[in-house]
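No lab work stands behind these numbers, since they all come straight from the coordinates. Model, not experiment: these values are computed from the prediction. Backbone-built Cβ (ideal geometry, glycine too); neighbour counts: all protein chains shown.
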Amino acid sequence: MLANQPSFLNGWRLTALISAALLAAAATAAFMAPAPVDGARSVIRLTARTSVVLFLLAFTASSLWLLAPSAATQWLRQNRRYIGVSFAASHFIHAGAIIALSQLDYLVFMQLNNIVAFVAGGLAYLFIALMTLTSFDRPAALAGPRIWRWLHTAGAWYIWMSFALNFGKRVVISPVYWLPVGVVLLALFIRIAAFRRKSAVIQQTA
Ligand code: HEM
């Protein structure tokens, strides 16, 4: 089992390593900011970006391995659960910084959000919490394979859409946001290409 290998590049140790790096980066961003409110905002932005990278790696892991089998894509596929939980860690730091901002400057916090964002974001966090919980063996067994599959499929697409919308709406602020939007769309094309490849193989063997 990969998870049993004593290496920080595999399994839960990988999750621990990434989470520690995320906490260190968030603390650095917070302390380097000129004021606490700027610190909270820079942690929110930083973790949105680390989250999208980790999420898309887990989201495309199996597809990349199918389309381009190699040692790297095999490693990615084998560690997708641990990278997925690292994404959750990153996004829980996002939540922590959001709560900090609401306490530091409620007016700024309310200016940056609206009721739709709260409801949509809240649902995403519900998915993230349940997907994280069922990434552990015992809760996964309790949920059963059908619920697990539904949760991880619906949740992953909902989170993908959340990133597409959250980065997409900022394109009007700066064209730089086209970069994450492009990467999020690329992940979609990778998933579609892998799905088509799998369907073609099934048709050939039928
Ligand atoms: C209720 C839940 C959420 C709240 C209240 C919230 C709040 C915020 C706030 C206030 C910002 C702007 C920070 C600033 O410009 O200073 C932000 C940025 C962002 N959030 Fe969240 N968020 C939530 C959930 C989510 C979720 C679920 C996702 C994606 C899965 C997400 C992705 C992003 C992205 C992509 C940015 C832009 C980062 C950047 O500027 O590079 N957020 N969020």
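Return Val181, Val116 ranked ascending by Cβ neighbour count within 10 Å, so the fewest neighbours appear first. Walk me through the numbers before you get to the answer.
Numbers: Val181 18, Val116 8.
Ordered from fewest to most neighbouring Cβ atoms within 10 Å, Val181, Val116 come out as Val116, Val181.
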Can you list which of the DSSP-assigned H helices in the chain have a Cα extent of 20 Å or more along the long axis and an average Kyte-Doolittle score of at least 1.0? 11-32, 36-67, 115-133, 178-205
Towards the positive end of the charge dipole of segment 53-206, with charges on Cβ (+1 Lys, Arg; -1 Asp, Glu), say which of Ser70, Ile98, Ala164 has the farthest Cα. Ser70
Any idea which of Pro145, Asn79, Ala21 is furthest toward the positive side of the dipole for segment 7-205, if Lys and Arg beta-carbons carry +1 and Asp and Glu beta-carbons -1? Pro145
Dividing the alpha-carbon radius of gyration of segment 7-205 by 2.2 N^0.38 Å (N being the number of residues), what value is obtained? 1.09
Loop-resident sites, segment 1-95, for chymotrypsin sites (Phe, Trp or Tyr not before Pro), counting at most 15 other Cβ within 10 Å (DSSP): Phe8
Given charges at beta-carbon only (K, R positive; D, E negative), |dipole| of segment 144-206 in Debye: 160
Top positive-direction residue, dipole computed over the chain with Cβ charges, set Phe189, Trp12, Leu57: Phe189
Computed lengthening from Gln203 to Arg138, 0.36 nm per intervening residue step minus Cα-Cα distance: 19.8 nm
Nothing charged except the Cβ atoms of Lys and Arg (+1) and of Asp and Glu (-1): what's the magnitude of the dipole of the chain about its Cα centre? Round to the nearest 20 debye. 660
Between Val37 and Gln78, the two model label points (7 Å from Cα along the beta-carbon direction) sit apart by a distance in nm of 5.0
